[in-house]
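S.K.: Before I ask anything, here is the structure I am working with.
The values are calculated or read from the model by the stated rules, or taken from the named source; none is laboratory data. Just so you know, these numbers come straight off a predicted model, no measurement behind them. Cβ coordinates were reconstructed from backbone atoms using ideal geometry, including for glycine residues, and neighbour counts include every protein chain displayed.
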Amino acid sequence: MIVAIFLTLTIAGALGATLAAAFGAPPSALGGALAVAFIGLAGAAGAAASALRARDDLTEPRAPHGPTHPRPLPADVTRPVFGRMWFAALGAFAVLGLVPLVSLARKPGRQARTGWGPGVRLVDENNQPIPHDRLVDGGIETVFPQGAAELPEAPAVLIRGDDGGYRAFSKICTHAGCPVALYRRASHQLICPCHQSIFDVEDGAKNISGPAPRPLPALALDTDGEGYLIARGDFDGPVGPDDWDRVL
Amino acid sequence: MIVRRTVGWLDERFGTNALLHVALKKIYPDHWSFYLGEFALYFFLVLVGTGVWLTFAFDAGAQNAYGSVLALAARNHPIGYEIRQIHHWAAVCFVAAILVHMSRIFFTGAFRRPRELNWMVGVTMLLLASFTGFTGYSLPNDGLSGTGLRIAYSVALSIPLIGRWAAGVFAGGDDFPGPQLTTHLYTLHVYFLPVTIGALIALHLGLLVYQKHTQFVRDPNRVVGRRFWPDYALRTVAALGATLAVLALLATFFEINPVGDYGPYRPWIVMNGAVPDWYAAFLEGALRLGPATEIRIAGHPIPPVFWPGLVLPSVTFLFLLLWPFIEARLTGDRAPHDVLEKPTQVPLRVGVGAALIFEGLLLTIAAGDDQTAATLHVRLDTLVWLYRSALLLGPIVVGLLAARIAMDVRARAAEGAEPPPDAVMLVRNAHGGYEEEEPQAG
C-alpha cells in the first residue's frame with residue numbers, strides 16, 4: 001500500500017517533469033517534479049525493503065585463505081616458456097612506446113616577447129592610448145603595449161602614486177601567473193587575489209609577503225610628444241613564474 | 001511475461017540462468033556504512049548520463065566554449081540548466097562520496113590483506129575523479145576556471161628538467177593559454193578519464209564480489225546477510241533513488257558554478273575571493289601557505305609552486321596508495337582478515353587518519369585565508385604563520401590525541417567486557433578461529 005503511494009508519486013513526478021519540460025516551465029518546476037519522482041522511487045524501494053526486514057539473515061561460506069595450488073603451471077611444463085629474451089623484447093616495445101609520447105612534447109620555448117620596448121605606447125583595454133593626465137593620484141589601470149596587447153606576457157598595471165608619478169609593473173604574478181589585480185592605495189600594495197602575494201609599489205614592487213619569489217618586473221615610462229604615456233624599454237626582469245630552463 | 005521470455009531466450013542461447021541463479025542468491029552483509037560506496041557509484045552513473053547529453057550541447061572550441069555553456073545552461077533553457085547543474089553537483093558529490101567511503105574502509109580496516117589491491121584501485125579512482133572534476137570545470141573557459149588553469153600550467157612549468165615540455169604538452173603551445181588547451185581538456189574529460197574510471201569501477205566491483213564483502217563480526221567464516229534478490233536489490237534501488245533525489249534538489253534550488261557571473265577568461269582579469277571546487281581547495285591552500293623561496297641548482301630555478309603544487313599531493317597520494325602495506329609493516333599484522341574492526345580498536349590507524357583529515361581540512365580552510373583574515377580582523381601575515389605552524393605541529397598533536405582517545409575507549413570497552421572470575425576467555429585469532437586465553441596470575 002505504502003509502496004503504491006510512493007510509486008504513484010514517482011509516476012506523477014516523472015510525467016510532471018516531462019510536461020514541465022514540454023511547456024518550458026522554469027527550472028524550479030522541472031527540478032521539483034524530478035525530485036518528487038526520485039523521492040517516490042527511494043521511498044517505494046525503501047518501504048518494500050523494510051517489509052522484508054522480519055525475514056532471517058542467511059549465510060554463505062567464505063573461501064579459506066592461503067595458497068590454492070602449489071604450482072599454477074601444468075605438470076608437463078617444466079622449463080620456462082618465456083625466457084629472458086622475451087622480456088628484453090617486451091622492454092624494447094616499452095621504449096618504442098615512449099616515442100609517440102615524446103613526439104607530443106612541444107618545442108620547449110617560452111615566448112620571451114612581451115611586446116614592450118622603447119617608445120611603445122601604453123593602451124587601455126579598448127586599445128586607446130593613455131594621455132599623461134589619465135589617472136588621478138592613487139589611480140590604477142591595466143595597460144598593454146600598443147599593437148601587441150594579445151601577447152600573454154604583455155599586461156601591465158599602471159599606477160599613479162600619491163606624489164603624482166606613474167609606475168608600471170607586469171601584471172602577471174611571479175608566483176603562479178595570476179593577474180595581480182588588487183591595489184590597496186593606503187599602503188601602496190599590489191595584491192594577487194589567487195595566493196595573496198603582496199608587492200610594495202613604492203619599493204620597486206618588491207615581494208613583501210606571500211609566496212611570490214621575486215618582485216614584479218617594472219616598466220620604465222616616459223611621455224611622447226603628443227602627451228601620451230610610452231615605455232622606455234622592456235620590463236626590467238622576466239615576466240611570470242620561473243621554470244627550470246629560465247636560467248637567470 | 002516479457003521479462004520471463006527474454007530471460008528464457010537468453011538462457012537457451014547462452015546458458016545464463018545458472019549464472020543468474022548464483023548471482024541473485026548471493027549474500028550481501030548489511031550495514032549503513034556499506035552504502036557509501038554505492039552512492040559514489042550512482043553519482044558516477046549520473047555523471048555519465050548527463051555528461052553524454054552535455055557533449056552534444058557544448059562547443060569545445062576555445063572561441064565558443066564559454067558562449068555555448070551560457071546558451072545551454074541559461075535559466076530560460078530549463079532542460080540544459082537542470083542537466084548542467086545536476087552534472088556539476090554530481091561531480092562535487094562524487095568526490096565527496098569517494099572520500100567518505102574511503103574513510104569508512106580506512107577506519108574499519110577493510111583494506112587489509114587480502115583486499116590491498118582493491119584499496120589501491122579505489123585510491124586511484126579518487127585521484128582520477130579529482131582530475132575529471134578539474135578538467136570538466138575548466139572546460140567553459142570562464143574567468144574562474146581559466147585562472148585555475150593558469151595556476152595548473154604554472155605548476156606543470158615548475159617541474160625540474162621537464163617543466164617546459166610538461167607545460168607545453170598540457171597547453172598545446174609555447175605559452176598560456178595554448179591554442180589546443182581546451183581540446184586537450186575535452187579529450188581528457190569526456191573520454192580518457194571517464195573510460196578509465198569505468199574500467200576501474202568494473203575491477204573494483206569484480207574484486208568485491210569475488211573476494212566477498214567484509215563485515216563486522218557475526219561469524220568469521222561465513223558471510224551473514226541478505227540475498228541480492230529481492231532484499232539487497234530493493235535497498236540499492238532505494239540508495240539510487242535517494243542519490244537522484246538529493247541531486248535534483250541541489251541542482252534546482254542551489255545554483256553551483258554560475259559561469260555567467262564570472263565572465264569569459266581574460267588573462268589580465270581575476271575575481272577576488274576566487275577559489276576552486278572544494279576537492280581542489282587544499283591545493284589552493286597549500287600554494288598560499290607554501291614558501292616563497294626559489295631554490296636554484298646550478299642556476300636552474302625550482303619555482304616555489306613545485307613543493308605545495310606537486311610534491312605535496314604526490315606524496316599524499318603515494319602514502320594513501322601504499323597504506324595497507326605501511327600499516328602491515330608498522331603492526332606486523334600480515335594475516336588475512338574478513339572481519340572489520342571498530343575504529344577505536346586500532347589507535348595507530350585512528351591517529352594517522354585523524355592527522356590526515358586535519359591536514360586536509362587545514363589546507364582547505366587556508367584556501368580562504370584572505371576572507372578569514374578580513375572577517376576576523378587579523379593580519380593575513382599572522383594567519384598564514386598560524387596556519388603554517390598548525391600544518392607542521394597540528395598532525396602530531398591531533399594524531400596523538402586521537403590515538404589516546406581510541407586507547408581509552410578500547411580500554412573501557414575491555415573493562416566492561418571483563419569476564420566473571422572462573423569463566424574462560426575466548427579470543428578470536430587472526431585466522432578467524434577461537435582460542436582460549438591463558439588465565440592471568442592473581
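S.K.: I want to confirm something. Restricting to segment B:287-301 and keeping residues that are farther than 26 Å from A:Tyr183 by Cβ and more than 7 Å from every other protein chain (Cβ to nearest Cβ), which single residue is farthest from the chain's Cα centre (by Cα)?
M.R.: The extreme case among them is B:Ala298.
S.K.: Determine if segment B:289-306 includes at least one residue that is in contact with a helix residue (DSSP H, G or I) (Cβ under 8 Å, 6 or more places away or on another chain) and surrounded by fewer than 15 Cβ atoms within 10 Å (Cβ to Cβ). Don't jump to the end; show me each part of the working.
M.R.: The first filter runs over segment B:289-306 and keeps only residues in contact with a helix residue (DSSP H, G or I) (Cβ under 8 Å, 6 or more places away or on another chain), leaving B:289-291, B:303, B:305-306.
Right, trim to surrounded by fewer than 15 Cβ atoms within 10 Å (Cβ to Cβ) and you get B:291.
Scanning segment B:289-306, I find at least one residue that is in contact with a helix residue (DSSP H, G or I) (Cβ under 8 Å, 6 or more places away or on another chain) and surrounded by fewer than 15 Cβ atoms within 10 Å (Cβ to Cβ), so the answer is yes.
S.K.: Now, a different point. Can you report the number of residues in segment A:169-181 which are more than 14 Å from A:Gly210 (Cα to Cα) and among the aliphatic types (A, V, I, L, M)?
M.R.: Number satisfying all stated conditions: 2.
S.K.: Just a yes or no: is a residue in segment B:376-391 modelled with pLDDT of 95 or more, hydrophobic (A, V, I, L, M, F, W, C), assigned by TED's automatic domain parsing to the domain that holds B:Val409 and closer than 20 Å to B:Phe107 by Cβ?
M.R.: No: zero hits.
S.K.: If you check B:Glu341 against the conditions, is it assigned to a loop (DSSP other than H, G, I, E, B) and either surrounded by 15 or more Cβ atoms within 10 Å (Cβ to Cβ) or at positive phi (or both)?
M.R.: It is true that B:Glu341 is assigned to a loop (DSSP other than H, G, I, E, B) and either surrounded by 15 or more Cβ atoms within 10 Å (Cβ to Cβ) or at positive phi (or both).
S.K.: If you don't mind, there's one more thing I want to ask. Can you work out which of the residues in segment B:263-286 that are in a helix (DSSP H, G or I) and among the hydrophobic types (A, V, I, L, M, F, W, C) is farthest from the other protein chains (Cβ to nearest Cβ)? Full working, then the answer.
M.R.: First, the residues of segment B:263-286 that are in a helix (DSSP H, G or I): B:278-286.
From the residues that got through so far, the ones that are among the hydrophobic types (A, V, I, L, M, F, W, C) too are B:278, B:280-283, B:286.
Working: B:Trp278: 17, B:Ala280: 13, B:Ala281: 12, B:Phe282: 13, B:Leu283: 11, B:Ala286: 10 Å.
Result: B:Trp278.
S.K.: Inspect all residues belonging to segment B:175-196 and state whether any of them is within 10 Å of chain A (Cβ to nearest Cβ) and either modelled with pLDDT of 95 or more or under 18 Å from A:Trp244 (Cα atoms) (or both).
M.R.: For segment B:175-196, residues within 10 Å of chain A (Cβ to nearest Cβ) and either modelled with pLDDT of 95 or more or under 18 Å from A:Trp244 (Cα atoms) (or both): present.
S.K.: Could you tell me which residue of segment B:229-262 is surrounded by the fewest Cβ atoms within 10 Å (Cβ to Cβ), considering only residues that are charged (D, E, K, R) and outside any loop (DSSP other than H, G, I, E, B)?
M.R.: Of all residues in segment B:229-262, those charged (D, E, K, R) come to B:231, B:235, B:255, B:261.
If we keep only those that are outside any loop (DSSP other than H, G, I, E, B) as well, we get B:231, B:235, B:261.
Numbers: B:Asp231: 21, B:Arg235: 23, B:Asp261: 11.
Among them, the one singled out is B:Asp261.
S.K.: Run A:Pro74 past the list (1) out of contact with any Ser or Thr (no Cβ under 9 Å at 6 or more places or on another chain); (2) surrounded by 13 or more Cβ atoms within 10 Å (Cβ to Cβ) and report the number of the one that doesn't hold.
M.R.: The one condition A:Pro74 does not meet is (2).
S.K.: Considering each residue of segment A:134-163, count those that are acidic (Asp, Glu) and either touching a residue at least 60 places away in the same chain (Cβ under 8 Å) or closer than 18 Å to A:Arg232 by Cα (or both), and give that number. Step through it out loud before you land on a result.
M.R.: Keep residues of segment A:134-163 that are acidic (Asp, Glu), which gives A:137, A:141, A:150, A:153, A:162-163.
Subsequent filtering for residues that are either touching a residue at least 60 places away in the same chain (Cβ under 8 Å) or closer than 18 Å to A:Arg232 by Cα (or both) retains A:153.
Looking only at that region, the number is 1.
S.K.: Given segment B:1-74, what helices (runs of 4 or more DSSP H) lie entirely inside it while holding 3 or more residues that are loosely packed, with under 12 Cβ neighbours inside 10 Å and of a type outside the set (Asp, Glu)? Full working, then the answer.
M.R.: Working: elements: B:2-14, B:16-25, B:36-57, B:65-73.
Fully inside segment B:1-74 and qualifying: B:2-14, B:16-25.
S.K.: Can you confirm whether A:Asp234 is in a loop (DSSP other than H, G, I, E, B) and in contact with a strand residue (DSSP E or B) (Cβ under 9 Å, 6 or more places away or on another chain)?
M.R.: Numbers: in a loop (DSSP other than H, G, I, E, B): yes; in contact with a strand residue (DSSP E or B) (Cβ under 9 Å, 6 or more places away or on another chain): yes.
Criteria met by A:Asp234.
Conditions tested, residue by residue: (1) of a type in the set (A, V, I, L, M); (2) within 41 Å of the chain's Cα centre (by Cα); (3) within 14 Å of chain B (Cβ to nearest Cβ); (4) over 30 Å from B:Ala233 (Cβ atoms).
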| site | (1), (2), (3), (4) |
| --- | --- |
| A:Leu34 | yes, yes, yes, no |
| A:Ile39 | yes, yes, yes, no |
| A:Ala44 | yes, no, yes, no |
| A:Ala47 | yes, no, yes, no |
| A:Arg53 | no, no, yes, no |
| A:Arg62 | no, no, yes, no |
| A:Phe87 | no, no, no, yes |
| A:Phe93 | no, yes, no, yes |
